[in-house]
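The block underneath contains the structure these notes are about, expressed in structure tokens.
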Amino acid sequence: MTTSIGISIFPRDSYDANDLLKFADLAMYESKARGKNTCTFFEQALSESYTRRILIENELKEAIKNNEFSIVYQPQIDALENRIFGFEALLRWNNKKLGFVSPAEFIPIAERTGIILDIGNWVLNKVCKKIREFKAKKYRFNNVAINVSPIQTKETNFKDKIINVCKENEIALSLLEIEITERTLIELNDEKIADLYELIKKGINISIDDFGTGYSSLSYLTVIPINTLKIDKSFIDNIEDEKNRAVIECILNLSKSLKYKVIAEGVELKDQLEILMNLGCNIVQGYYFSKPVGEDELEEMLKNN
Ligand code: C2E
Ligand code: CA
Ligand code: CA
């Protein structure tokens, strides 16, 4: 047994008994977040980050109703053919009180509170409508990727929801790609794995997001249902390093044998692109080609595709 301890001090932190308890509690959660079995003294910064978290949580509850979300799209380029292969939908939140909040900050809070389910549905509907509109206009692209939270995949009707939203919007299932992080995929139970296999059989693309960051064994690649692998930006950042390049090369060879499509994420420099192409990785996403853009800008790109 180990203990996580939080400490607040009278009268330094407060004169009020309730405050002192609340602050000690916050400090205890900080101990847990720092790996447990430690003690933490309350500091004002803890209270500030707590207050911000609560504010985000409250504001998120009304965000869909208040029309505060939007989606930006980042092209995935086939660098050999020099055209847009597909794009990834990324959520944006602009709130009256908080301004723009990064998804990296609000998604974990939405996940803890369960609001992510409503947000996830909103994204799914919105993106499928866009796919329908773009296909009606005869734009050329292979698929659109959306990020799916582990909480969504655990919902009992996850599989049906994905199929139904495509049906409702009359789009082929193959136009949708769902991105699931490596960490989520390795935690799925057999039932969920069967669901994902069925989705793949029906044409949905499933990709491992942030591949290479999950500390998982390679053998799991033989059991999880995926057909695309996204090499994490951290590998691309260090691509000049010989050892790093060897790892990327290994991932590419492995994907070739397993017949996975590979996308390199976070490509910012021409040199990185050249090395990747020499290694045989042609589908890239990153600031070098384009940052995530709004619907109108994306449409302009597709017109010229
Ligand atoms: P992610 O899925 O790994 O998305 C890639 C992130 O890297 C995006 O940040 C994108 O804007 C950024 N990025 C792309 N190219 C480059 C580059 O060349 N350089 C650099 N420095 N960054 C690049 P963003 O949009 O802030 O999203 C952060 C994370 O939030 C995403 O990471 C994803 O995990 C999550 N997220 C975003 N939208 C959604 C959503 O609709 N649902 C869920 N569940 N999660 C989402
Ligand atoms: Ca992603
Ligand atoms: Ca990623």
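The values are calculated or read from the model by the stated rules, or taken from the named source; none is laboratory data. These numbers come from a predicted model, not from an experiment. Please note: Cβ atoms are built from the backbone with ideal geometry, for glycine as well, and neighbour counts cover all protein chains shown. All accessible areas refer to the heavy atoms of the entire protein, side chains included, with ligands and DNA or RNA removed. Shrake-Rupley method; radii C 1.70, N 1.55, O 1.52, S 1.80 Å.
Applying both filters, DSSP loop and at most 11 other Cβ atoms within 10 Å, to the chymotrypsin sites (Phe, Trp or Tyr not before Pro) of region 170-233 gives Y215.
If I compute solvent accessible area with a 1.4 Å probe over the protein chains, what percent of it on the chain is carbon and sulfur?
Details: 8160 of 16130 Å².
The C+S portion of the solvent-accessible surface of the chain is 51 percent.
Dipole magnitude for region 236-301: about 560 debye, using +1 per Lys or Arg Cβ and -1 per Asp or Glu Cβ, origin at the Cα centre. When only alpha carbons are used to place a centre, region 64-109 and region 285-305 end up 12 Å from one another.
Y29 to D241: FRET efficiency via 1/(1 + (r/R0)^6), r the Cβ-Cβ distance, R0 35 Å, to the nearest 0.05?
Details: r = 37 Å, r/R0 = 1.07.
That gives a FRET efficiency of 0.40.
Averaging the sequence gap over all C-alpha pairs within less than 8 Å and six or more residues apart, then dividing by the number of residues, gives the chain a relative contact order of 15 percent.
Using only Cα atoms, locate the centre of region 135-195 and the centre of region 1-51, then give the distance between them in Å, rounded to an integer. Spelled out, the Cα-based centre of one part sits 40 Å from the other. Multiplying the residue separation of L80 and S234 by 0.36 nm and subtracting their alpha-carbon distance yields 53.1 nm. Couplings 3J(HN,Hα) of region 101-108, computed from phi: 10, 5, x, 4, 8, 8, 4, x Hz, in residue order, whole Hz [Karplus 6.51 cos²θ - 1.76 cosθ + 1.60, θ = phi - 60°; x for Gly and Pro].
Kindly identify region 224-283 as rounded, prolate or oblate by the Cα gyration tensor criterion: order the square roots of the eigenvalues as a ≥ b ≥ c, call it rounded if a/c is under 1.5, otherwise compare a/b with b/c, prolate if a/b is larger, else oblate.
Because a/c hits 1.5 or more and a/b exceeds b/c, region 224-283 counts as prolate.
Looking at region 147-279, the accessible area is 50 square angstrom per residue; that uses a 1.4 Å probe and ignores ligands, DNA and RNA. Seen against the Cα atoms of the chain and their longest principal axis, helix 116-136 is set at about 20 degrees.
Taking a ≥ b ≥ c as the square roots of the eigenvalues of the alpha-carbon gyration tensor, region 117-233 is classed prolate because a/c is 1.5 or more and a/b outweighs b/c. Average 1/r across all pairs of distinct alpha carbons in the chain, invert it, and you get the Kirkwood radius: 21.5 Å.
Show me the trypsin sites (Lys or Arg not before Pro) within region 217-305 that DSSP assigns to loop and that have at most 14 other Cβ atoms within 10 Å of their Cβ. Before the final figure, lay out the partial values.
On the way: sites: K230, K233, K243, R245, K256, K259, K261, K270, K303; in loops: K259.
For trypsin sites (Lys or Arg not before Pro) across region 217-305 that sit outside H, G, I, E and B with at most 14 neighbouring Cβ atoms in 10 Å, the list reads K259.
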